[in-house]
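Engineer: Before we start, here is the structure in question, set down as structure tokens.
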Amino acid sequence: MNNNLCGLIVAAGNGTRLEHLTYDCPKPLVLVHGEPMIMFPIRSMVQAGITDIGIIIQPRFRDQFEAFLQHPNSSYKYYTYRAR
């Protein structure tokens with residue numbers, strides 16, 4: 001039995017209200033105070049003790065999310081992508 005706490009971030013919207021910022025970049029990766037917006041819920045989850053975090057994304061932004069998650073300065077230890 002796995003005792004890890006799991007969390008899920010739904011980040012698959014089209015970003016239409018921020019279209020001028022999200023045409024080529026998914027909204028969760030838009031910088032706010034110098035870091036991608038998605039870091040705010042990730043950090044909150046980690047502080048709450050959540051160890052496994054899933055992120056639902058738009059398939060068209062897969063490459064950008066992979067680059068973000070696998071960046072050399074990233075503290076992420078494990079990353080899996082599953083297309084559905």
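Engineer: Checking the conditions here, which among Ile50, Ile55 is modelled with pLDDT of 80 or more, part of a loop (DSSP other than H, G, I, E, B) and either charged (D, E, K, R) or in contact with a Leu (Cβ under 9 Å, 6 or more places away or on another chain) (or both)?
Structural biologist: Ile50
Engineer: Here are the criteria: (1) at pLDDT 85 or above; (2) within 16 Å of Leu69 (Cβ to Cβ). Tell me which single one Val32 does not satisfy.
Structural biologist: Only one criterion is unmet by Val32, namely (2).
Engineer: Consider only pairs whose beta carbons are under 6 Å apart and that are at least six residues apart or on different chains; among these, list those whose first residue lies in region 34-56 and is under 17 Å from Leu5 (Cα atoms) and whose second residue is part of a loop (DSSP other than H, G, I, E, B) and among the aliphatic types (A, V, I, L, M).
Structural biologist: Listed pairs, sorted by first residue: Gly49/Leu5; Ile50/Leu5; Thr51/Leu5.
The values are calculated or read from the model by the stated rules, or taken from the named source; none is laboratory data. None of the values given here were measured: they were computed from a predicted structure. Neighbour counts run over all protein chains shown; Cβ positions are idealised from the backbone, glycine included.
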